[in-house]
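> One structure, pasted below without further comment.
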C-alpha cells in the first residue's frame, strides 16, 4: 500500500506548518515520531484516546492517526526537527 501524506483535506505541508506554530503539539508529535514503531503505535493509541475525550480538533486527531505510518512519522520528524521548513 502506498503511503498517504494527506489527512482529510489538508496536505502534509499544511498540517506540518500549522503544527510548527503550535509549540506544545509540535513537541508532542516530534516526541511520538522519534519512538520506535512499537512505542510510537502505543503512544498514538493513548494520545488518540485522550484527544477524543477532550474533543481535540479533527485535523489534529487525523494527524496523530497518520503517524502510525512509519514513512509519515519519519517525514514529520524530519520536518519538525528542521524547525518546520
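The values are calculated or read from the model by the stated rules, or taken from the named source; none is laboratory data. The shown structure was predicted, so the numbers you read here are calculated from the model rather than taken from an experiment. Cβ coordinates were reconstructed from backbone atoms using ideal geometry, including for glycine residues, and neighbour counts include every protein chain displayed.
> Go through (1) at pLDDT 90 or above; (2) within 17 Å of residue 11 (Cβ to Cβ) for residue 50 and report which single condition fails.
(2)
> Being modelled with pLDDT of 85 or more and surrounded by fewer than 16 Cβ atoms within 10 Å (Cβ to Cβ) is the filter here; which residues of the range 11-29 pass it?
Passing the criteria: 23, 24, 27.
> Could you check how many residues of the range 50-74 are in contact (Cβ under 8 Å) with a residue 60 or more places away in the chain, surrounded by fewer than 17 Cβ atoms within 10 Å (Cβ to Cβ) and either within 9 Å of the chain's Cα centre (by Cα) or not in a loop (DSSP other than H, G, I, E, B) (or both)?
Residues flagged as in contact (Cβ under 8 Å) with a residue 60 or more places away in the chain, surrounded by fewer than 17 Cβ atoms within 10 Å (Cβ to Cβ) and either within 9 Å of the chain's Cα centre (by Cα) or not in a loop (DSSP other than H, G, I, E, B) (or both) within the range 50-74 amount to 1.
> In the range 31-49, what residues are outside any helix (DSSP H, G or I) and surrounded by 11 or more Cβ atoms within 10 Å (Cβ to Cβ)? First the steps, then the outcome.
Within the range 31-49, the first condition is being outside any helix (DSSP H, G or I), and the residues that meet it are 34-36.
If the condition is that a residue be outside any helix (DSSP H, G or I) and surrounded by 11 or more Cβ atoms within 10 Å (Cβ to Cβ), then 34, 35 are the ones that fit.
> On to the next question. Pull up the range 75-85, narrow it to residues that are touching a residue at least 24 places away in the same chain (Cβ under 8 Å) and part of a helix (DSSP H, G or I), then point me to the one that is surrounded by the most Cβ atoms within 10 Å (Cβ to Cβ).
Once the filter is applied, the top-ranked residue is 76.
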